[in-house]
Amino acid sequence: MWIAPERRSLSRWAVPGLVLGAGVVVGAVLAADGRSGTALIALAALAGYAAYLAYRRNEPALPLSEGFGSGTRARAHLRAAAMTGDVLTVAVVGGLVVQALRGADITAYVWLAAVAGVTYLLSAVASGRGL
């Protein structure tokens, strides 16, 4: 049957796998150009983003907490905050990759990506959800 759990679980790995594959390709292109340090950083950023996507792939819905209150307004606020974080993460990782491929300085993007990754990691651990 096409809606069997085995088939659905494979599709949930498609996007994290694609991001990781893109990281390998970008790393290979940069390494072939002789920029092995930048290649490792870009690969690490894309691998971290793939891990983030894989970690969140089974998230059923946004949980509500007391910090957001209750009701429709709280759900809207929580979804908006999550979407903002997702878009900013994509922008930082995308900017890092584009700047790396252009041969420009990536220092600012590396710091922003590191801050985003550490913040999310600490938030996941502190929320009690675990890794």
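Observations on the structure shown:
- Within region 82-126, restricting attention to residues that are aliphatic (A, V, I, L, M) and under 18 Å from Arg57 (Cα atoms), the residue that is farthest from the chain's Cα centre (by Cα) is Val125.
- Residues in region 78-113 that are surrounded by 15 or more Cβ atoms within 10 Å (Cβ to Cβ) and either among the acidic types (Asp, Glu) or in a helix (DSSP H, G or I) (or both): 14 in all.
- Neighbours by Cβ (under 9 Å, 6+ apart or cross-chain): first from region 11-34, within 12 Å of Ala100 (Cβ to Cβ) and touching a residue at least 60 places away in the same chain (Cβ under 8 Å); second open to solvent by 60 Å² or more (accessible area, probe 1.4 Å) and among the small types (Gly, Ala, Ser): Leu30/Ser36
- Residue match in region 48-60 (condition: modelled with pLDDT under 95, open to solvent by less than 80 Å² (accessible area, probe 1.4 Å) and over 20 Å from Leu18 (Cβ atoms)): no
- Scanning region 21-36 for residues that are farther than 21 Å from Ala51 by Cβ and either acidic (Asp, Glu) or open to solvent by less than 30 Å² (accessible area, probe 1.4 Å) (or both) returns a single hit, Asp33.
- Ser11 being touching a helix residue (DSSP H, G or I) at 6+ places or on another chain (Cβ under 8 Å), open to solvent by 60 Å² or more (accessible area, probe 1.4 Å) and either of a type in the set (S, T, N, Q) or at pLDDT 95 or above (or both): no
The values are calculated or read from the model by the stated rules, or taken from the named source; none is laboratory data. Keep in mind it's a predicted model, so treat the numbers as computed, not measured. Quick reminder, even Gly has a Cβ in these numbers, built from the backbone with ideal geometry, and neighbours come from all protein chains shown. All accessible areas refer to the heavy atoms of the entire protein, side chains included, with ligands and DNA or RNA removed. Shrake-Rupley method; radii C 1.70, N 1.55, O 1.52, S 1.80 Å.
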